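Here's the structure we're looking at; comments come further down.
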């Protein structure tokens with residue numbers, strides 16, 4: 001079976017990066033505890049694409065509609081398969097539900113309506129051994 005990836009693109013206000021990073025670390029701990037293979041939260045650093053063959057690609061900033069006081073994040077979680085993803089995500093969601101009282105006053109540090117999410121089947125892979 002091919003590996004499977006859940007991918008996210010989201011916009012985080014620069015003054016909320018510390019809060020988002022803490023939330024992401026908690027998420028990482030939960031997904032890894034329940035079996036995710038890898039977990040990455042990547043803050044945009046070099047988001048102005050160069051011309052390639054005379055063509056200019058659309059930037060993540062433009063695609064996400066990020067303002068100068070916002071950062072673009074590209075995040076992904078790697079699983080053995082789509083079925084494995086579904087199993088892990090079900091356990092994570094169950095744990096989140098069990099802890100809902102703990103987070104009842106938590107304010108998500110980004111606008112969920114501006115987040116893009118999708119599941120992707122890995123078609124081409126290249127990795128160096130760790």
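The values are calculated or read from the model by the stated rules, or taken from the named source; none is laboratory data. Just so it is clear, the structure is predicted and the values come from calculations on it, not from any experiment. FYI the Cβ positions are ideal-geometry reconstructions off the backbone, even for glycines, and counts take in every protein chain you see.
Out of (1) in contact (Cβ under 8 Å) with a residue 40 or more places away in the chain; (2) within 21 Å of residue 80 (Cα to Cα); (3) in a strand (DSSP E or B), what's the single condition that is false for residue 12?
Unmet for residue 12, out of (1) in contact (Cβ under 8 Å) with a residue 40 or more places away in the chain; (2) within 21 Å of residue 80 (Cα to Cα); (3) in a strand (DSSP E or B): (2).
Check whether at least one residue in segment 28-42 is in a loop (DSSP other than H, G, I, E, B), at pLDDT below 95 and under 16 Å from the mean Cα position of the chain (by Cα), and report yes or no.
As a first pass, look at segment 28-42 and keep what is in a loop (DSSP other than H, G, I, E, B): 34-37.
Subsequent filtering for residues that are at pLDDT below 95 retains none.
No, there is no match, as no residue in segment 28-42 is in a loop (DSSP other than H, G, I, E, B), at pLDDT below 95 and under 16 Å from the mean Cα position of the chain (by Cα).
Are any of the residues in segment 82-103 modelled with pLDDT under 95, within 17 Å of residue 25 (Cα to Cα) and under 13 Å from the mean Cα position of the chain (by Cα)?
No, because not a single residue in segment 82-103 is modelled with pLDDT under 95, within 17 Å of residue 25 (Cα to Cα) and under 13 Å from the mean Cα position of the chain (by Cα).
Give the number of residues within segment 43-59 that are surrounded by fewer than 18 Cβ atoms within 10 Å (Cβ to Cβ) and within 17 Å of the chain's Cα centre (by Cα).
So the answer is 3.
Here is a list of conditions, (1) in contact (Cβ under 8 Å) with a residue 24 or more places away in the chain; (2) in a loop (DSSP other than H, G, I, E, B); (3) out of contact with any helix residue (DSSP H, G or I) (no Cβ under 6 Å at 6 or more places or on another chain), and residue 109 meets all of them except one; can you say which number that is?
(3)
Can you name every residue in segment 1-20 that is under 15 Å from the mean Cα position of the chain (by Cα) and under 22 Å from residue 63 (Cα atoms)?
5, 6, 7, 8, 9, 10, 11, 12, 17, 20 - these are the residues of segment 1-20 that are under 15 Å from the mean Cα position of the chain (by Cα) and under 22 Å from residue 63 (Cα atoms).
If residue 24 satisfies all but one of (1) on the phi > 0 side of the Ramachandran plot; (2) under 13 Å from the mean Cα position of the chain (by Cα), what's the number of the condition it fails?
(1)
Mind checking whether some residue in segment 63-82 is assigned to a loop (DSSP other than H, G, I, E, B) and on the phi > 0 side of the Ramachandran plot?
yes
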